[in-house]
Amino acid sequence: MNTTKRTSLNIQSLIPNRATFTRTFRVAAWLGWQIESNWTDPFLFAIYSIVKPLSGAAILVVMYSIIINGAFKSPIFPYIYLGNAFYMYVGGVMTGISWAIIDDREHYKTLKYMYVAPIHMPTYLLGRGVARFTVSSLSVLITILFGVAFLHVQIDLAAVNWGLFFVSLFIGVIMLAMMGLMLAGVTLLIAQHVWFIGDITAGALYLFSGAIFPLDVLPKYLRPVGYFMPITYWLELLRRSLVGSVAQAFPTLSRFSNTELMGILLGLTVVFAIFAAVIFFWCEHRARERGMIDMVTNY
Amino acid sequence: MNLAIHTQNLGRIYKIRGGKKTDPKELEALRDVNLEIGQGELFGLLGPNGAGKTTLIKILTTLLAPTSGQACITGFDVIKDPQKVRSRINMVSGGESSGYGLLTVRENLWMFSQFYGIPSKEANRRIKELLKVVGLEDRLNTKSSDLSTGLRQKMNIVRGFMTDPAVLFLDEPTLGLDVGASRDVRSFIRQWIDENHPLPDVPSGDASRGEGRGEGRTLLLTTHYMVEADELCDRVAIINEGRVLACDTPANLKRRLQQDVIFKMEVSPLNGLSADNFEGLPGVRKAIHAPKDGSAELDLILEKDDALGGVVNMMTSNDVHILNLQKREPTLEDVFVDLVGRSMEEVEAGEQ
Ligand SMILES: Nc1ncnc2c1ncn2[C@@H]1O[C@H](COP(=O)(O)OP(=O)(O)OP(=O)(O)O)[C@@H](O)[C@H]1O
Ligand SMILES: [Mg+2]
C-alpha cells in the first residue's frame, strides 16, 4: 500500500482570520477562567495562589540566609528574589498553555470536539493560558510585596522604569506563550504520564536562565544554553527596570544596554515564535497521522 | 452539486507498537472504502465491533489522517482543506461522557456554540429548543458533572445538532441510552433530515447558519443495531474488517435474500450437533446457532421451503425437539450473515 505524502501545513491553518481569532481567543479565555477559578473552596484558592508562591520564596530565603549568612543587604538578594518571583510566570504561562491539551484530552475528553470545531487551535491554547497568566500575576505581585515589606527587597517606586517594565513584561509573556505552544505540540505526541512535562521543562530552565544566580556561576559549556534562552534577557530587563543599580552589579549581561537587551529579547521571541509555529503544526500533523488527537491513556 | 461525503479508495493502517524490541505490527482498519453520499441523505454504517466505523468517522472529521486514498466533505478535501471541512460539520460520539463537568449544561453548549460563531441569543434559543427534544430542559442549569452518562450523551447530541452543520457525524448515537431515549433520538434524527431537505439558497458567508445551507442536511451515523440501520437510514453500508461489503437502501439489501426462505427455530439443546452439520444439508445456505440456557436458537437461511425437511429429519434423529418455528422476513442481520458467513455477534465474540 502506498503512503501518499501530503502536507497539511497550509497557510490557512497557520494564520486565523480575524473573526476566528477573536471568537476562539475570547471563548477559550472564558473557559480557562471558569476552570481556573473553579475552587469550591475559596480557602484552597487562597492557598494555591498566595501561600504556595510565598512558601516557594521562603525556601529560597532560608537557603540564601544559610549560604550567605543572612546578608539581605547584598545586591545578590534582590537579584535572586525578583528572579524567582518573575520565574513564576514561566510555570504559569508555559505549562498553563500546554496543560490545556492534557486536560481536554484526558480529563474532559473534549479535545476531539475542539479539533472538529472551526477554531484556530493555537489561539485556543493561548486563550486557555490567560487565566493562568492572571493568577500568576497575582502570585508574582504578592511575592514581591512580601519581599519589599519583610525582606528588605528595596524597590524605589520613583526610580522604577515603568515603561521598560511593562514592555518587557508584555514581550516576555508572549515569549513564554510561544514556549507553551511548543510544549503543547510535544504534549500532543506523548502518550502516557505526561502531566509533569511542563514542570520538568520549567524546572530545567530555572537553572539556565539566570533566575536565581547569574549565568557566570554555570560551567562554561552550559552557559550557551542560558544565552540562547530569551527568559534570561527577560528576567534581566525586569530586574533592571525595577532595581536598576542592583541588576547592573552583576557582570553577566552588564555589557548590554537596556535597548540592546530589548533587541535581543525581541529577536529571540520572534525566533521562538517561528519555532513554536513549526513545531506545533508538525506535532499536530504527526498526531493526526498516528491517531493521537483523541487518545485517552486511562491512567 | 457536490456530494456531501465522497471517499476514494480510503485506507487506514494503524501501527501498533508492542515492546521496544518487537517490530510494530500493522492493523488494517480500513481498506479501499469508496462511498458516495449525497446531500440530504441519512446514511448508516453498520458493522460489528472493530469493523472500522469510528476510524472512518475520525478520518472524515479531520481527526485522523488516512494512510491511503482521499476523502472529501461537501467537495473539500479533509487533508488539504481541514478548516473548510470543519466549518461545515459536527460530530458526536456515543458511549462516552465528555464535557466540562464544572460548567452547567447551558454553559457547555453555549461555549461550543460560540466556537461556531453563533450569536449568543440564537444559540440560547437553539439550546433550549433542542434540550426539550431530548428531555433535558429541566437540567439547563445543572452542572454537567451531576448528569448521568446517558444524560451527558444527550447533552452531546444537542451539541451536535445545535450548530446546524451541513454534514453531521454521529458515532453510535444511541449507545448506552435507554429504550425510550433511543427512540426519541432516532425520531429526532429522522425529523432533522426530513425538515432540512434542500432549501432555497441563503446568502453564504454567514457562519452562524452553517455554510452550505440551502442544500439539505446530511447525516452519517454508525451503529451496530440492525433495527437502527434498517428503520432509520436511507442507505446503509455494511462494513466488516475495514471493508464495505455492500451499500444500498435497506430494502434493496434485503432483496438480495428475497429468493431465500428464512426460519427462526427454538429447539432443545442440540445434543452435539453444530451449525456446520445443518449447513452440510442440501438447500441450507446458512445456519446460525445461539445456545440459551435450556434451549437453543437456530436461524436458517434456506434456498427453498422444502430444505426444511432435511433439517427437521436431522433433528429428530438426534433427539432434538422443536419448540417453536417461525418463518420470517429477511432482516439486515440476515444480509450480514449472508455477506460475512457469521452473525455480528459471532464476529464480535471472535474479536475478543
Ligand atoms: N489508535 C489505534 N491504534 C491502533 N489500533 C486501533 C486504533 N484505533 C482503532 N484501532 C483498531 O482498528 C480497528 C477498527 O477500530 P474502530 O474503532 O474503527 O472500530 P469500530 O467499528 O468503531 O468498532 P466499535 O463498534 O467497537 O466502536 C479495530 O481493530 C481497532 O482495534
Ligand atoms: Mg466505534
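The values are calculated or read from the model by the stated rules, or taken from the named source; none is laboratory data. Since this is a predicted model, take the numbers as computed values, not measurements. Ideal geometry is used to build each Cβ from the backbone, glycine not excepted, and the neighbour counts take in all protein chains shown. Keep in mind that these areas ignore ligands, DNA and RNA; they rest on the heavy atoms of the full protein, side chains included. Shrake-Rupley method; radii C 1.70, N 1.55, O 1.52, S 1.80 Å.
Structure notes:
- Looking only at region B:33-92, and only at residues there that are among the basic types (Lys, Arg) and within 16 Å of ligand 2 (Cβ to nearest atom), the one that is nearest to the other protein chains (Cβ to nearest Cβ): B:LYS58
- Residues considered: B:LYS84, B:LYS21. Of these, the only one that is at pLDDT below 95, more than 16 Å from ligand 1 (Cβ to nearest atom), open to solvent by 50 Å² or more (accessible area, probe 1.4 Å) and in a loop (DSSP other than H, G, I, E, B) is B:LYS21.
- Selection status of B:THR7, facing another protein chain (nearest Cβ under 8 Å) and open to solvent by less than 30 Å² (accessible area, probe 1.4 Å): no
- Here B:LEU27 passes the criteria (1) in contact with a helix residue (DSSP H, G or I) (Cβ under 9 Å, 6 or more places away or on another chain); (2) in a strand (DSSP E or B); (3) within 11 Å of ligand 1 (Cβ to nearest atom) except the one numbered (1).
- Region B:150-178, residues that are open to solvent by 60 Å² or more (accessible area, probe 1.4 Å) and more than 16 Å from ligand 1 (Cβ to nearest atom): B:ASP178
- Boolean, A:ILE279 is in contact (Cβ under 8 Å) with a residue 60 or more places away in the chain and more than 14 Å from chain B (Cβ to nearest Cβ): yes
- Conditions (1) touching a residue at least 12 places away in the same chain (Cβ under 8 Å); (2) more than 9 Å from chain B (Cβ to nearest Cβ); number of the one not met by A:LEU141: (1)
- Filter pass, B:GLY117 being at pLDDT 95 or above, over 25 Å from A:VAL296 (Cα atoms) and either within 9 Å of chain A (Cβ to nearest Cβ) or touching a Cys at 6+ places or on another chain (Cβ under 6 Å) (or both): no
- Residues (near ligand 1 (Cβ under 10 Å from one of its atoms), farther than 16 Å from B:GLY11 by Cβ and touching a Phe, Trp or Tyr at 6+ places or on another chain (Cβ under 9 Å)) located in region B:48-77: B:PRO48
- Residues satisfying the stated conditions in region B:282-306, i.e. over 15 Å from B:ASP260 (Cα atoms) and assigned to a loop (DSSP other than H, G, I, E, B): B:ASP293, B:GLY294
- Selection status of B:ASN49, open to solvent by 10 Å² or more (accessible area, probe 1.4 Å) and either modelled with pLDDT of 95 or more or part of a loop (DSSP other than H, G, I, E, B) (or both): yes
- Residues (in a strand (DSSP E or B) and touching an Asp or Glu at 6+ places or on another chain (Cβ under 7 Å)) located in region B:307-338: B:LEU323, B:ASN324
Quick grid of which residues meet (1) assigned to a loop (DSSP other than H, G, I, E, B); (2) at pLDDT 80 or above; (3) over 30 Å from A:PHE213 (Cα atoms); (4) away from chain B (no Cβ under 11 Å):
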| residue | (1), (2), (3), (4) |
| --- | --- |
| A:ASN2 | yes, no, yes, no |
| A:ARG23 | no, yes, yes, no |
| A:ALA29 | no, yes, yes, yes |
| A:ILE35 | no, yes, yes, no |
| A:LEU54 | no, yes, no, yes |
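- Any pair with Cβ under 8 angstrom, 6 or more apart, that starts in region A:100-117 at a residue that is facing another protein chain (nearest Cβ under 10 Å) and farther than 14 Å from B:ARG86 by Cα and ends at one that is among the aromatic types (Phe, Trp, Tyr) and open to solvent by less than 10 Å² (accessible area, probe 1.4 Å): A:TYR108/B:TYR100; A:THR110/B:TYR100
- Scan of region B:93-110 for residues that are open to solvent by less than 30 Å² (accessible area, probe 1.4 Å) and either under 19 Å from the mean Cα position of the chain (by Cα) or within 16 Å of ligand 2 (Cβ to nearest atom) (or both), ordered by number: B:SER93, B:GLY94, B:SER98
- Output for region B:324-340, where each listed residue is out of contact with any Phe, Trp or Tyr (no Cβ under 8 Å at 6 or more places or on another chain) and either more than 17 Å from B:HIS289 (Cβ to Cβ) or surrounded by 13 or more Cβ atoms within 10 Å (Cβ to Cβ) (or both): B:GLU329, B:PRO330, B:THR331, B:LEU332, B:GLU333, B:ASP334, B:VAL335, B:PHE336, B:VAL337, B:ASP338, B:LEU339, B:VAL340
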